[in-house]
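The values are calculated or read from the model by the stated rules, or taken from the named source; none is laboratory data. Model, not experiment: these values are computed from the prediction. Here the Cβ positions follow ideal geometry from the backbone for every residue, glycine too, while neighbour counts run over all protein chains shown.
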Amino acid sequence: MTSTTATPATERNLNLPNVITFARLALSFVLFGMMSAGVGWIWSAALFVFAVLTDILDGYIARKYQLITQLGRIMDPFVDKFITAGVFIFLLPYRESGVTAWMVIAVLGREMLVTSLRGFLEQRGADFSASGAGKLKMFLQCVAGTVALLAMDPSIHDVMLGPVSVLLLRDISLWAMVLVTLWSGVIYVQRGITILRTLG
């Protein structure tokens, strides 16, 4: 008789951090749907922030309880990039968002380059895990995405935060995100070249 008991590998993959990661992926489609419809910008920003917080949560749980799996190592960064890049893509049609095509190209180009480089090097046994520059890039992308989403709401559009308007804060955060995104890409490429030299 065939056993219906899950294999150990399946049991490891069906853990809480991975469930949170897949739930975050599902939430991204809800977020993109709201953005595409052009409604509920404050709720969209709140949902985006919630998704970012779940990313922090699943990483903490995976490390604390030693629940790191190969599936999680693949899906967690994929979902992070999917939701952050997706937010900028869906903001692109809206002029009020401050997002330009060049910004989207910078984000997508950097992510594709670093992901390809990581896959190439890790296939050869090299450690190409996230660096401080990559984490700063992710943080600024989340900040810029949140501010751009909030700036889309008419009730927030003209709000002043002391001497700084929400629109100015939006532009500063977006361009800071772009610069750090490109800078982190250069850092990863330099690191990749160094690793390739050691591999011979």
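Quick notes on this structure:
- Apart from one condition, ARG170 fits all of (1) touching a Gly at 6+ places or on another chain (Cβ under 9 Å); (2) under 18 Å from ASP76 (Cα atoms); (3) charged (D, E, K, R); the exception is (2).
- TRP183 part of a helix (DSSP H, G or I) and within 19 Å of ILE89 (Cα to Cα): no
- Every test in (1) surrounded by 13 or more Cβ atoms within 10 Å (Cβ to Cβ); (2) of a type outside the set (Phe, Trp, Tyr); (3) part of a helix (DSSP H, G or I) is passed by ILE105 save one, and that test is (1).
- Residue tally, condition hydrophobic (A, V, I, L, M, F, W, C), in contact with a Leu (Cβ under 9 Å, 6 or more places away or on another chain) and part of a helix (DSSP H, G or I), over the range 50-70: 4
- Filter result (among the basic types (Lys, Arg), farther than 22 Å from ASP55 by Cα and buried (at least 16 other Cβ atoms within 10 Å of the Cβ)) within the range 119-141: none
- Among residues of the range 26-41 that are more than 10 Å from VAL87 (Cα to Cα), those with a Cβ under 7 angstrom from a residue that is of a type in the set (Gly, Ala, Ser) and assigned to a helix (DSSP H, G or I), sequence gap 6+ or separate chain, pair up as LEU27/ALA51; MET34/SER44.
- Being surrounded by fewer than 13 Cβ atoms within 10 Å (Cβ to Cβ), among the small types (Gly, Ala, Ser) and under 26 Å from VAL39 (Cα atoms) holds for only one residue in SER116, SER155, and it is SER155.
- Residue satisfying condition, being modelled with pLDDT of 90 or more and either surrounded by 13 or more Cβ atoms within 10 Å (Cβ to Cβ) or more than 13 Å from the chain's Cα centre (by Cα) (or both), within set GLY98, GLY72: GLY98
- Residues satisfying the stated conditions in the range 111-132, i.e. within 13 Å of GLY192 (Cβ to Cβ) and assigned to a helix (DSSP H, G or I): LEU113, VAL114, THR115, SER116, LEU117, ARG118, GLY119, PHE120, LEU121, GLU122
- Within the option set VAL178, VAL186, being of a type in the set (Val, Ile, Thr), surrounded by fewer than 17 Cβ atoms within 10 Å (Cβ to Cβ) and out of contact with any Leu (no Cβ under 7 Å at 6 or more places or on another chain) holds for one residue only, VAL186.
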